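J.: Okay, here's the structure, questions in a sec.
The values are calculated or read from the model by the stated rules, or taken from the named source; none is laboratory data. The shown structure was predicted, so the numbers you read here are calculated from the model rather than taken from an experiment. Neighbour counts run over all protein chains shown; Cβ positions are idealised from the backbone, glycine included. SASA here: full protein model, heavy atoms, side chains in, ligands and nucleic acids out. Shrake-Rupley method; radii C 1.70, N 1.55, O 1.52, S 1.80 Å.
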Amino acid sequence: MNEPSLEIRLAGLTLRNPVLPASGTYGYGREYLPFFAPDTFGAVVTKGVSLEPWPGNPPPRVYETPAGMLNAIGLQNPGVEAFIREAIPFLRPFQTPVIVNVVGKTIPDYVGVVERLTDYSEISGFELNISCPNVKEGGMAFGTDPETAYRVTREVRRATRKPLIVKLSPNVTDVTLIAQRVEEAGADCLSLINTLLGMAIDIRKGRPVLANVVGGLSGPAIKPVALRMVWQVYRKVSLPLIGIGGIATAADAIEFMMAGASAVAIGTGTFHDPMTPARVVAGIKEFLAEQRTDLKSLIGLAHRAIR
Amino acid sequence: MNEPSLEIRLAGLTLRNPVLPASGTYGYGREYLPFFAPDTFGAVVTKGVSLEPWPGNPPPRVYETPAGMLNAIGLQNPGVEAFIREAIPFLRPFQTPVIVNVVGKTIPDYVGVVERLTDYSEISGFELNISCPNVKEGGMAFGTDPETAYRVTREVRRATRKPLIVKLSPNVTDVTLIAQRVEEAGADCLSLINTLLGMAIDIRKGRPVLANVVGGLSGPAIKPVALRMVWQVYRKVSLPLIGIGGIATAADAIEFMMAGASAVAIGTGTFHDPMTPARVVAGIKEFLAEQRTDLKSLIGLAHRAIR
Amino acid sequence: MIQQEALVQEMKILAPGYYRLDLLAPGLAAEARPGQFIQVRAGDDGSLDPLLARPISLYRIDRNGGSVSMIFKAVGRGTAQLAAKQRGMLMKIWGPLGNGFAIPDAAQSLALVAGGVGMPPLFCLAEELRRARPGLRVELFYGGRTQRDLLVLEQWEAADIRVHSVTEDGSYGRKGLVTAVLEAQLRQKDYDFMVACGPTPMLKAVRQVALERGIAGQLSLESYMACGVGACLGCVCKHKAGYRRVCVDGPVFAMDEVDLE
Amino acid sequence: MIQQEALVQEMKILAPGYYRLDLLAPGLAAEARPGQFIQVRAGDDGSLDPLLARPISLYRIDRNGGSVSMIFKAVGRGTAQLAAKQRGMLMKIWGPLGNGFAIPDAAQSLALVAGGVGMPPLFCLAEELRRARPGLRVELFYGGRTQRDLLVLEQWEAADIRVHSVTEDGSYGRKGLVTAVLEAQLRQKDYDFMVACGPTPMLKAVRQVALERGIAGQLSLESYMACGVGACLGCVCKHKAGYRRVCVDGPVFAMDEVDLE
Ligand SMILES: Cc1cc2nc3c(=O)[nH]c(=O)nc-3n(C[C@H](O)[C@H](O)[C@H](O)COP(=O)(O)OP(=O)(O)OC[C@H]3O[C@@H](n4cnc5c(N)ncnc54)[C@H](O)[C@@H]3O)c2cc1C
Ligand SMILES: Cc1cc2nc3c(=O)[nH]c(=O)nc-3n(C[C@H](O)[C@H](O)[C@H](O)COP(=O)(O)OP(=O)(O)OC[C@H]3O[C@@H](n4cnc5c(N)ncnc54)[C@H](O)[C@@H]3O)c2cc1C
Ligand SMILES: Cc1cc2nc3c(=O)[nH]c(=O)nc-3n(C[C@H](O)[C@H](O)[C@H](O)COP(=O)(O)O)c2cc1C
Ligand SMILES: Cc1cc2nc3c(=O)[nH]c(=O)nc-3n(C[C@H](O)[C@H](O)[C@H](O)COP(=O)(O)O)c2cc1C
Ligand code: FES
Ligand code: FES
């Protein structure tokens, strides 16, 4: 048998494999160079980029919880101009699509970042982060109301012809309502999920561990919730999905694909072990060979099994 | 120094200690007798009781996930008449308040169970489960809409003068909105949280692990989310709170109290180790002695620290 | 019921992926009966990975020595951690759990049918019966994929019990499925009662054979468990009387009362 | 940067709760400098408990032997699991990480100030300096709560470095806080440069002392980490230029540029 192909088309892009870094866990790609090159991934998804530089939240910003972690980075980033100056030249030589994660406090903020970047040939697409729980304004507020999610997607849609991915928040009663409105607004793809809002208390100090009090829960702990949301959204929208949340092994990634994801992104799993992305890519290939099947057949497989 | 007291008043009840079993994880108390008596707990919270017997969901019903588990029991229970016949006589001899967890598919179902039980002196109070994600009708649907939550609480409130606890669902965009409406409807206390909706896929079989497809995620994995919800609700309502979700150690229980819970309930932690409830009770006592403080001072402590 | 930290007395690799673990647990050994199981916490104390205990059947109960043995196969995270236990370590366990086997007094001959790691509880039963009911004729039909899946055959021999070994690849004993060999044997010989433990397809086939010939018997079932003590209703099987808990109403059920789908 | 499964060469209990762990890691030993650290996965492979690696400083770098050593204190889940490692086991690690110390060429005398398990990276520095800059006068001010918190004093002696030992309870050396002893000493003697590692209150006091006397120096900070390689922005400290990552911009910072609250 031939070596199975991991190539996949997603929102108009051709990806070498369906494994991406989850935004904010891979910087702009430079820090993990000693472990692997950006083209280990099917595409690079950058840390959130805003119009102006954002300082982020005071420390402590991260804390481990059972099979998970809390973070309240607060989207620290140097702004779109610094991104153009520094990240784009760095990423240029790698033969991998670059998807820019976009953050903002207002709709014009989002539009501004996308307008500024859309003509760069080095940028292949955008992922709107309307789901970050760690900033006071904007962020998650956009992702928890279907109409606001619709509006920000529609405005950004007008600003770019490049693939537009919208990243959804899990902190909602019904994620399918948001997904449907975002689809109607013209998104090409949905990423789900961002982090669950959580917190931890230092009982010796009698105070919240994170300076920001609350933070986003990620890692294997949230995988069942993420998987359920991918499952639900797959049944309600026809856009391709990127499954995110707690992936640490190839088996985890395959679960997401069987639930309906066309690709997956890995965040906390890379902190757990920097070689996780490479192991997941290799493991998916092995699974396909062993099961004598192809990648496309995995997508949504579990839905067909229960019909 | 005297041995610290763990006694606490909650919704008009006096509890020997602030540690309860989470509904559905302790049956009606009989199964754990070989490990400890029901009066190890400050009060017993029963498995959900419905008007008619419910068969529950087909197996598989449970599955382990990272630091958590999924369940889709589907509220299997023999109905209120069997409860009166079997559980009440069993629980009578123990000197511990009994709180009956009440489930229903319609508002009259809930009212019916409470009316049938309210005059039994063996029953100290009720916990309305408007948050179970594992039944097709009723259950969680009541707990995700503030108005429905208000209505069911108000109707049941009319049916009993005994303490009325309402158990909230975490599967909502803003738990404080539900909490506030339930407070307005006359609840005496809130329990939070019930399980997060999740799922798992068996990649060898290419299908969901649980026969019910989705199930409720519990255990240490969800503790950060539960703690955050207790924290948020404590700031918005003045009712006492029962903190639930992932408690496996005394430190976990103390975190919940510092976030604003007056009492805590333990579910999955007891499956992990049947001695967990006793260890938690002992550990809280030790902490109080070591910190030279009393139980009341712990409640909401972390809020006061950040003011 | 005992819950304790039990000392690992011995840990032995029986074949690649198969282990025998002996625990010092006198109270448990005194109470336990064949067909019962214990809940075993595989991680070290304080570890949440795995979170839940794993059910493992008793393979031997040594009342005099105050110990119990298990045989298990490393199939996933929990059993892999069990496989890393060593003599002198402590393990959190509770049990005995479940109902255990019940062989009718009238039975003169008994066919045991084991598939893979369904064997251990049947050995426990056979050992007890040899002591308690020496007149009873006991034979084992034992199926595995290949030779190395058939464990502790020398123990069965020492217990003087006839074993019909069957492997799917023919590497040991008869070739094929254990139920085919059982059926062939039944054409020559009869048994009054049958007890089976193993994978569901095997249990189904055994039941089919037994029902056709009007032989009564018992099946020992497996199921995902959370509490293991009857409280969570997580482990139920379909039973003609509704859902029944494998952990306390079972794991042993009469052949004709459970629905194996 | 190296990421590997490293073999545990030796595991030694230094005092109750304190351990020394030696790893065979030639590539790492060849690259590493004093003040750098490694990320260590405490659980066995596949374990999610703990999920994240733990940062531990290098205590010795043996380039010839191809090994590195750490000294750590068991304070929580991760370090408790590290404490259970034994010779012959494998551990997943990556590093060297961070910037390491930089002692100005002009410095003639150096005061090292250690609190508790802040000591190991300072020993690493002292050993290197003794080799590379034999003319430099190096002294250690070493504080702990009680006698058993002062570790490997014999190693400092062997390295021929004067140690001012201080315990809070007076059970060994001077009684009190290490910074008080440092201050007293500074009234008699001067140092050109100071390097401190230990709990934040100690670092603050050292900085105060240094600033008052116009002595330049470096501090090695701790912080919760997720990635350890600069990607997550989780470990930042307040710096006069904004937030800076402890894992790559540090853990060593100039005394006057970080804000220790
Ligand atoms: C009453 C009872 C007695 C048992 N006795 C023995 C015994 O004597 N020896 C032995 O080797 N095994 C026995 N088992 C099965 C054993 O409990 C499982 O192999 C074990 O729980 C797997 O755990 P894991 O973490 O290694 O695997 P997981 O990572 O949980 O799963 C690995 C695989 O094992 C399967 N599995 C997991 N749990 C169970 C389960 N409870 N029942 C069936 N399959 C499961 C899953 O399908 C999965 O594919 C018994 C099970 C029960 C219910
Ligand atoms: C650059 C660097 C170098 C270090 N070098 C050493 C060393 O050489 N020897 C040594 O013993 N320790 C060292 N530490 C501290 C060590 O990383 C922590 O003790 C360890 O992470 C605790 O993990 P745990 O799981 O045992 O504790 P946890 O269960 O995570 O926590 C237990 C306690 O440890 C504290 N803690 C947890 N993580 C950290 C952290 N990263 N920094 C400070 N406190 C923490 C918490 O406040 C908590 O009270 C270093 C830390 C850093 C950042
Ligand atoms: C440290 C950290 C930083 C993150 N920053 C961003 C971000 O900038 N933009 C974004 O959309 N998501 C961000 N996320 C969310 C992740 O992209 C991802 O959705 C989430 O962590 C769940 O995946 P995981 O469990 O694999 O980590 C961040 C997560 C972490 C842990
Ligand atoms: C097996 C199982 C059965 C449950 N049954 C009920 C129930 O009948 N009524 C209810 O209100 N909650 C039920 N729950 C939810 C628990 O009471 C609790 O809210 C949840 O498990 C979170 O707590 P934990 O993490 O300590 O388990 C059940 C949970 C489990 C795991
Ligand atoms: S495992 Fe809980 S009832 Fe059987
Ligand atoms: S730990 Fe991730 S940037 Fe420092």
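J.: Using the Cβ atoms and a cut-off under 9 Å, what net charge is assigned to the surroundings of A:T118, where Lys and Arg are +1 and Asp and Glu are -1? Before the final figure, lay out the partial values.
T.: Numbers: positive: A:R116, A:R161, A:K162; negative: A:E115, A:D119.
Once positives and negatives cancel, what remains is +1.
J.: Okay, next question. Please report the buried accessible area for the interface of A with B, total over both chains, probe 1.4 Å, in Å² to the nearest 100.
T.: Details: alone 13090 and 13080 Å², together 22600 Å².
In total, this chain pair buries about 3600 Å².
J.: Using amide H atoms built 1.01 Å from N in the peptide plane, name the residues 5+ places from D:L150, or on other chains, whose amide H lies under 5 Å from its own.
T.: HN-HN under 5 Å from D:L150: empty list.
J.: What shape does chain C have by the C-alpha gyration tensor, where a ≥ b ≥ c are the square roots of the eigenvalues, rounded means a/c under 1.5, and otherwise prolate means a/b greater than b/c and oblate the rest? Each step should come with its number before you reach the end.
T.: Details: a/c = 1.58, a/b = 1.38, b/c = 1.14.
Prolate.
J.: Describe numerically, in nm with one decimal, the distance between label points set 7 Å from Cα along Cα→Cβ at D:L211 and at D:L7.
T.: 5.0 nm
J.: Using only the Cα atoms of chain A, build the gyration tensor, take square roots of its eigenvalues as a ≥ b ≥ c, and label the shape rounded, prolate or oblate: rounded if a/c is under 1.5, else prolate if a/b is larger than b/c, else oblate. Let's see the in-between values first.
T.: Details: a/c = 1.29, a/b = 1.18, b/c = 1.09.
Judged from the Cα gyration tensor, chain A comes out rounded (a/c under 1.5).
J.: Taking a label point 7 Å from Cα toward Cβ, how far is D:S109 from its twins in the other copies, in nm, shortest first?
T.: So the label point of D:S109 gives 10.0 nm to the other copies.
J.: Here is a further query. First obtain the Kirkwood hydrodynamic radius of the stretch D:2-97 from its Cα pairs, then insert it into the Stokes-Einstein equation at 4 °C and 1.567 mPa s, and state the resulting D in µm² per second as a whole number. All intermediate terms of the calculation are to be shown ahead of the outcome.
T.: On the way: Rh = 13.0 Å.
So the translational diffusion coefficient is about 100 µm²/s.
J.: Per-residue mean of other chain beta-carbon atoms within 10 angstrom of the beta-carbon, peptide B:210-217?
T.: Working: counts 1, 1, 0, 5, 5, 2, 1, 6.
Across B:210-217, the average partner-chain Cβ count within 10 Å equals 3.
J.: At what distance in nm do the modelled label points of D:R33 and B:M275 sit from each other, each positioned 7 Å from its Cα along Cα→Cβ?
T.: It is 5.1 nm.
J.: Express the relative contact order of the stretch C:109-259 as a whole percentage, based on alpha carbon pairs under 8 Å and six or more residues apart in sequence.
T.: On the way: 272 pairs, mean separation 30.2, N = 151.
Over the stretch C:109-259, the number comes to 20 percent.
J.: For a protection proxy built on the mean count of beta-carbon atoms within 10 angstrom, sort A:170-181, C:227-238, A:64-75 highest first, please. Present the calculation step by step, with values, prior to reporting the outcome.
T.: Numbers: A:170-181: 21.7, C:227-238: 25.0, A:64-75: 27.9.
Per-residue Cβ counts within 10 Å, averaged per peptide and sorted highest first, yield A:64-75, C:227-238, A:170-181.
J.: What is the antiparallel percent of DSSP beta bridges lying wholly in the protein assembly as shown, to the nearest 5? Show your work: numbers first, answer last.
T.: On the way: 112 of 208 bridges.
Just about 55 percent of them are antiparallel.
J.: Ignoring ligands, DNA and RNA, what accessible area per residue does the protein assembly as shown give at 1.4 Å, in Å²? Intermediate values should be presented prior to the final figure.
T.: Numbers: 41000 Å² over 1136 residues.
With all protein chains present, the protein assembly as shown gives 36 Å² per residue.
J.: Continuing with the same structure: Which of the trypsin sites (Lys or Arg not before Pro) across the stretch D:158-189 are loop residues per DSSP, with 13 or fewer other Cβ within 10 Å? It would help to have the intermediate numbers written out before the result.
T.: Values: sites: D:R162, D:R174, D:K175, D:R187, D:K189; in loops: D:K189.
Those that pass, being in a loop and sparsely packed, are D:K189.
J.: For a quick check: with amide H placed at 1.01 Å from N, whose amide H comes under 5 Å from B:G56's, ignoring anything fewer than 5 positions away on the same chain?
T.: Those lying under 5 Å, H to H, from B:G56 are B:Q76, B:N77.
J.: Assign one of three labels to the stretch B:50-182, namely rounded, prolate or oblate, based on the Cα gyration tensor with a ≥ b ≥ c the square roots of its eigenvalues; rounded applies when a/c is under 1.5, prolate when it is not and a/b is larger than b/c, and oblate otherwise. Please list the in-between numbers first.
T.: Working: a/c = 1.67, a/b = 1.14, b/c = 1.47.
Oblate shape, in that a/c is at least 1.5 and b/c is the bigger or equal ratio.
J.: Continuing with the same structure: Looking only at other chains, what is the average number of their beta-carbon atoms within 10 angstrom of each beta-carbon in C:48-61? Spell out each step's value before the answer.
T.: Numbers: counts 18, 15, 7, 19, 10, 4, 1, 0, 0, 0, 0, 0, 0, 0.
Partner-chain Cβ atoms within 10 Å, mean over residues of C:48-61: 5.
J.: What is the calculated FRET efficiency for B:R151 to C:K238, with r their C-beta to C-beta distance and R₀ = 35 Å, to the nearest 0.05?
T.: Numbers: r = 37 Å, r/R0 = 1.05.
Between B:R151 and C:K238 the formula returns 0.45.
J.: Rank-order C:35-46, C:95-106 by packing density, defined as the average count of other C-beta atoms within 10 Å over each peptide's residues, highest first. Don't skip to the end; give the middle numbers.
T.: On the way: C:35-46: 21.7, C:95-106: 18.7.
In decreasing order of mean packing, C:35-46, C:95-106 become C:35-46, C:95-106.
J.: Below 27 Å, Cα to Cα, which lysines can C:K12 reach? Residues fewer than 8 away in the same chain don't count.
T.: Qualifying lysines at Cα under 27 Å: C:K73, C:K85, C:K92, D:K85.
J.: Something else: Please list the non-local residues whose amide H lies under 5 Å from the amide H of C:H164, H modeled 1.01 Å from N, same-chain partners needing a gap of 5 or more.
T.: C:L140, C:F141, C:Y142
J.: Out of all DSSP beta bridges in the stretch D:109-259, what portion is antiparallel? Express it as a percent rounded to 5.
T.: Roughly 25 percent of the beta bridges in the stretch D:109-259 run antiparallel, per DSSP.
J.: Another question about this same structure. No other cysteine beta carbon under 4.7 Å away is the test; run it over chain C and list who passes.
T.: C:C124, C:C197, C:C235, C:C237, C:C247
J.: Show me, for the stretch A:17-34, the HN-Hα J-couplings you get by feeding each phi into the Karplus relation (A = 6.51, B = -1.76, C = 1.60, θ = phi - 60°), rounded to Hz, glycine and proline as x.
T.: 8, x, 10, 10, x, 6, 3, x, 10, 9, x, 10, x, 5, 5, 8, 3, x
J.: Next question. Considering only the label points, 7 Å along Cα→Cβ from Cα, what distances in nm to one decimal separate B:G79 from the same position in each other copy, shortest first?
T.: Ordered by distance, the counterparts are at 7.0 nm.
J.: Something else about it: Remind me, relative contact order of chain B in percent, using alpha carbon pairs under 8 angstrom and six or more residues apart? All intermediate terms of the calculation are to be shown ahead of the outcome.
T.: Working: 716 pairs, mean separation 57.8, N = 307.
The value is 19 percent.
J.: What is the average number of partner chain Cβ atoms found within 10 Å of a Cβ in B:245-258? Could you put the intermediate results ahead of the total?
T.: Working: counts 0, 4, 0, 4, 1, 1, 4, 3, 1, 4, 7, 1, 2, 7.
Mean partner-chain Cβ count within 10 Å for B:245-258: 3.
J.: Nearest the rotation axis from D to C, which residue of chain D has its beta carbon, and at what whole-angstrom distance?
T.: Value returned for chain D: D:D49, 2.
J.: Continuing with the same structure: Copy-to-copy spacing for B:A289, label 7 Å out on the Cα-to-C-beta vector, in nm, shortest first?
T.: 6.1
J.: With θ set to phi - 60°, apply the Karplus curve 6.51 cos²θ - 1.76 cosθ + 1.60 along the stretch A:191-198 and write out the HN-Hα couplings as whole Hz, x wherever there is a Gly or Pro.
T.: The phi angles translate into 9, 8, 10, 7, 7, 7, 6, x Hz.
J.: Can I ask one more? Across the stretch B:294-307, in residue order, what do the Karplus-derived ³J(HN,Hα) couplings come to in whole Hz, using 6.51 cos²θ - 1.76 cosθ + 1.60 with θ = phi - 60° and x for Gly and Pro?
T.: Whole-Hz 3J(HN,Hα) from phi for the stretch B:294-307: 10, 4, 4, 5, 6, 5, x, 3, 5, 5, 5, 5, 9, 5.
J.: Quote the convex hull volume per residue of the stretch D:109-259, based on C-alpha atoms, as a whole number of Å³. Show your work: numbers first, answer last.
T.: Details: hull volume 17.3 nm³, N = 151.
Here the figure is 115 Å³ per residue.
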